[in-house]
Amino acid sequence: MIVMKFGGTSVESAEAIERVSKIVRSRIKQSPLVVVSAMAKVTDQLVAMGNTAASGDSSEALASVEALRERHQQTAKALLGENRAAALAPKLQAHFIDLENFVRGLAAVRELTPRGSDYLLSFGELLSSLIVADAFIVRGVTAAWVDSRECLVTDTTHTRAVPLLEETREKSKRKIGPLLAKKRTPVMGGFIAASTDGIPTTLGRGGSDYSAAIMGAALNADKIEIWTDVEGMMTTDPRLCSGARTIKQISFNEAAELAYFGAKVLHPLTLLPAIHQNIPVYVLNSRNLKSTGTEITAQSPPSRDVFRAITAKKGVSIVNVVASRGVGVHGFLRSVFEAMDRHAASVDIVAISEVSMSFTIETRRLADALIKDLEQIADVNVDNDQAVICLVGEDIHGKPGIAASVFNTVAEAQVNIRMISQGASEINISFVVKEDDVPRVVRHLHDHFFPLRARKNNGIRVNGTGRPGKRTANHKPSLRRAVAAAL
């Protein structure tokens, strides 16, 4: 069997869900389990709704509920027709009634707890998966809707729950196994789960990928397919560099590193269950039914390029911690790390000198309480609006001169580097720059390490710099110059 996950943009409309149905039908002989995200932007709307209700404004929050109801009902009608949509309506309406009651309660107590947030955000995936399951049935797929909360088991760390794999495996085999045995296609929402006590939890934003990988591991899937709106993993963000190209094959380690350091295609934790079970993962484009995308496996073939990809993680802060005079280095570092542990601070890069330490952390995860604790033991200052640039490739530290080439290229971009990390990982070189400098740095690095491959164009051979090379025998110089000028 295989697991197929479709993101928010892949199920954002009736037209998009129609494409998903065709893709699933093309895989039906492989016994797919389908995992879907909430429709595009719905999770953001639920977050905004919760904040509005918690501020005491119930009328605006309820208006948002009504807008969501209208969108889902119209999508259902477009996909199912009037009669089938009417049959589904009571199931959707039951969730909207629960959502309305919850919003009213939030407005009354004016507090949205992490547990409440998990409950609120679960509605997006519940609604989309119900509609998708019925859309499949209408289109000839013998689908069965499955409540994710009855399969995926986690601890009670609300908003970022940790899956309990053994419990998940046991429940999934009991709930989903019989459906697959009967050649039915289970459809479930990603991102949402429940604790052992049945309390709704979530795996964190972007967690539908993670859900798919967990279910794949629990059910010993042959492969996991992540369907999104781009043609696989890219050598860099195409919005930053128009020369970005699809990576055909990449290793688990490389892909995980890229995901952690800002690549948006995959959730950072997605690959862990797949790695443990050695299940290949494919990142594919739901807008292209013939997509070959990116294959992620334990081992990937050597690349012609030095690096596999370049990524950037924005929204980062540098925290500088300098010990007061007379504080011993041993006690200082121990106190800093203890403070970070108390506040569950997840950092990216750390630089340590004798009596000072700097580290990077996502700005949204930098707790005021952590800063206050650090200020009790040292002088602290914070630089916001920073970004981590990460270049990833297998065994790059075994290739002399790579670091010099990276930093010389950054120097050519006339950008100042704040921090450097090299050596902790065998597969990445990371450094910190100001957020505004990211586009310029990424373009310079990509142009240097991923030059355009030589290609033939009407008999003219074009080299990696974009300049014409030797002309072929059958073309006149004037034609060569004309083509070269056009390029």
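For the reader, a short list of remarks on this structure follows.
- Test: residue in the stretch 371-380 that is within 18 Å of Asp237 (Cα to Cα) and either assigned by TED's automatic domain parsing to the domain that holds Val322 or among the β-branched types (Val, Ile, Thr) (or both): no
- Residue count for the stretch 186-206 under the criterion of being surrounded by fewer than 24 Cβ atoms within 10 Å (Cβ to Cβ) and either in contact (Cβ under 8 Å) with a residue 60 or more places away in the chain or under 12 Å from the mean Cα position of the chain (by Cα) (or both): the result is 5.
- Scan of the stretch 100-121 for residues that are assigned to a helix (DSSP H, G or I) and closer than 20 Å to Leu203 by Cα, ordered by number: Pro114, Arg115, Gly116, Ser117, Asp118, Tyr119, Leu120, Leu121
- The set of residues in the stretch 27-46 being assigned to a helix (DSSP H, G or I) and touching a Leu at 6+ places or on another chain (Cβ under 7 Å) consists of Val42, Thr43, Gln45, Leu46.
- Number of positions in the stretch 393-416 that are among the hydrophobic types (A, V, I, L, M, F, W, C) and more than 20 Å from Leu258 (Cα to Cα): 4
- Any chance Ala244 is modelled with pLDDT under 85, part of a loop (DSSP other than H, G, I, E, B) and not assigned by TED's automatic domain parsing to the domain that holds Phe431: no
- In the stretch 395-418, the residues that are farther than 18 Å from Asp305 by Cβ form Cβ pairs under 9 Å with partners that are of a type in the set (S, T, N, Q), at six or more places apart or across chains, as follows: Arg418/Ser358; Arg418/Thr360; Arg418/Gln386.
- Picking from residues in the stretch 162-185 that are among the small types (Gly, Ala, Ser) and touching a residue at least 24 places away in the same chain (Cβ under 8 Å), the one that is farthest from Pro273 (Cα to Cα) is Gly177.
- Filter pass, Gln73 being at pLDDT 95 or above and closer than 25 Å to Gly198 by Cα: no
- Pairing residues of the stretch 248-267 that are closer than 19 Å to Gly207 by Cβ and in contact (Cβ under 8 Å) with a residue 12 or more places away in the chain with residues that are polar (S, T, N, Q) and assigned to a helix (DSSP H, G or I), at Cβ distances under 6 Å and at least 6 apart in sequence or on separate chains, gives no pairs at all.
- Residues located in the stretch 287-317, provided they are among the hydroxyl-bearing types (Ser, Thr, Tyr) and surrounded by fewer than 23 Cβ atoms within 10 Å (Cβ to Cβ): Ser291, Thr292, Thr297, Ser300, Ser303, Ser317
- For the stretch 144-239, no strands (runs of 3 or more DSSP E) sit wholly inside it while including 3 or more residues that are modelled with pLDDT of 95 or more and among the β-branched types (Val, Ile, Thr).
- Check on Ser129, crowded, with 23+ Cβ neighbours inside 10 Å and assigned to a helix (DSSP H, G or I): yes
- Flag if Val321 is at pLDDT 90 or above, surrounded by 15 or more Cβ atoms within 10 Å (Cβ to Cβ) and closer than 15 Å to Glu375 by Cα: yes
The values are calculated or read from the model by the stated rules, or taken from the named source; none is laboratory data. Computed from a predicted structure; not experimentally measured. Every residue, glycine among them, receives a Cβ derived from its backbone with ideal geometry; neighbour counts consider all protein chains shown.
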